[in-house]
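Novice: Below you'll find the structure I mean.
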Amino acid sequence: MQCIVVRRAQFAASHRYWLPELSAAENIGQFGAGSQFPGHGHNYVLFISLAGEIDEYGMVVNLSDVKQVIKGEVTNELDFSYLNDVWTEFQQTLPTTENIARVIWQRLTPHLPLVRVQLFEHPELWADYMGNGMTAYLTVSTHFSAAHRLAHPNLSLEKNTEIYGKCARVNGHGHNYHLEVTVQGEINPRTGMIVDLLTLQQAIADYVIEPFDHTFLNKDIAYFAEVVPTAENIAFHISNLLRSPIQQLGAKLYKIKLIESPNNSCEVYTDEAELNSVNYV
Ligand SMILES: [Zn+2]
Ligand SMILES: [Zn+2]
């Protein structure tokens, strides 16, 4: 019986986005505040996923061994370090979140049955790496507040109430929506980035957060005049809004996760969205 276990670890480290072959102005232009001397730091949180058969002792791997390997190979070296200098890999390719995840994979894979390395730079930015060359995933988490009403425009209040319950009440209600945008791309061998993070965040702000925040979705977003703004439909619409701008940044929109409340969330994968695009574009 196959099983995946996840071990958490953490380290605090500093880094700087600075390429010596570029001028100061070019570094600032490309990396913004991340280029500032002498660098800045993060409390990184690492999740190592391991897969295997459950053994006679009821374990995939002995977690105390895993803990020692992660300490010896990764956290003892990275904790309280300046990442750019601590591992030679980061002199070649800058220590972005996605590239740190990739290099941690390389360091751990001789010792552990890895299936995923997930690294949080902070709670709203993390990378996933699954051992596939330079391909990595970066997720940006953000939020907006909006009201909606779940009611099909062609149905009676009675029928809508039957389908949507309290969500069909005529004057609507609101949520603080949490949005996670996951992009897939190739790690640039010099900058360490799969996508320019500042431009990605700007695209999410321009296409989703700014138009959606503090609105009544049914009335303020033209798309929802006819389409009921359930979490599912909002997530599909967001994936359609972001797919092409993210492609223009050289990456691929991989997943949208919309968390409507602690009890209710929805995930849309773009490959599936493409299958359904005839209904949602
Ligand atoms: Zn940083
Ligand atoms: Zn609602």
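Novice: Checking the conditions here, which among Phe47, Phe11, Phe90, Phe37 is aromatic (Phe, Trp, Tyr) and assigned to a helix (DSSP H, G or I)?
Specialist: Phe90
Novice: Right, another one. Between a first residue in the stretch 169-185 that is at pLDDT below 95 and a second residue that is charged (D, E, K, R), which pairs have beta carbons less than 7 Å apart while being 6 or more apart in sequence or on different chains?
Specialist: Short answer, once both residue conditions are applied: none.
Novice: Ok, one more. Which residue, of Tyr254, Tyr269, is open to solvent by 50 Å² or more (accessible area, probe 1.4 Å) and out of contact with any helix residue (DSSP H, G or I) (no Cβ under 7 Å at 6 or more places or on another chain)?
Specialist: Answer to the check: Tyr269.
Novice: Something else: Quick check on the stretch 144-163: of everything there that is surrounded by 13 or more Cβ atoms within 10 Å (Cβ to Cβ) and without any contact (Cβ under 8 Å) to a residue 40 or more places away in the chain, which residue is farthest from Pro229 (Cα to Cα)?
Specialist: Within the stretch 144-163, the match that is farthest from Pro229 (Cα to Cα) is Lys159.
Novice: Which residues, taken from the stretch 123-164, are within 30 Å of Asn99 (Cα to Cα), of a type in the set (Gly, Ala, Ser) and part of a strand (DSSP E or B)?
Specialist: Result: Ala127, Ala136, Ser141.
Novice: Counting just the residues of the stretch 13-47 that are within 12 Å of ligand 1 (Cβ to nearest atom) and among the aliphatic types (A, V, I, L, M), which one comes out most open to solvent (accessible area, probe 1.4 Å)?
Specialist: Among those that are within 12 Å of ligand 1 (Cβ to nearest atom) and among the aliphatic types (A, V, I, L, M), it is Ala33.
Novice: Another question, if that's okay. So for the stretch 21-40 (the condition being under 24 Å from the mean Cα position of the chain (by Cα), among the aliphatic types (A, V, I, L, M) and within 16 Å of Gly192 (Cα to Cα)), does at least one residue qualify?
Specialist: no
Novice: Does the stretch 200-214 include one or more residues that are part of a helix (DSSP H, G or I) and within 16 Å of ligand 1 (Cβ to nearest atom)?
Specialist: yes
Novice: Additional query: Name every residue in the stretch 84-117 that is open to solvent by 40 Å² or more (accessible area, probe 1.4 Å) and either within 16 Å of ligand 2 (Cβ to nearest atom) or in contact (Cβ under 8 Å) with a residue 60 or more places away in the chain (or both), in order of residue number.
Specialist: Val86, Gln92, Pro113, Val115, Arg116
Novice: Let me ask something else. Identify the residue in the stretch 165-205 that is open to solvent by 60 Å² or more (accessible area, probe 1.4 Å) and within 13 Å of ligand 2 (Cβ to nearest atom) and, among all such residues, is nearest to Thr96 (Cα to Cα).
Specialist: Among them, the one singled out is Asn176.
Novice: Say we look at the stretch 1-23 and pick out the residues that are touching a Ser or Thr at 6+ places or on another chain (Cβ under 8 Å) and among the aliphatic types (A, V, I, L, M); which of these is farthest from ligand 2 (Cβ to nearest atom)?
Specialist: Filtering first and then ranking leaves Leu19.
The values are calculated or read from the model by the stated rules, or taken from the named source; none is laboratory data. Being a predicted model, the structure only gives us computed values, none of them experimental. Note: ideal-geometry Cβ built from the backbone for every residue, glycine included; neighbour counts use all protein chains shown. We work out accessible area using only protein heavy atoms, side chains counted, and drop any ligands, DNA or RNA first. Shrake-Rupley method; radii C 1.70, N 1.55, O 1.52, S 1.80 Å.
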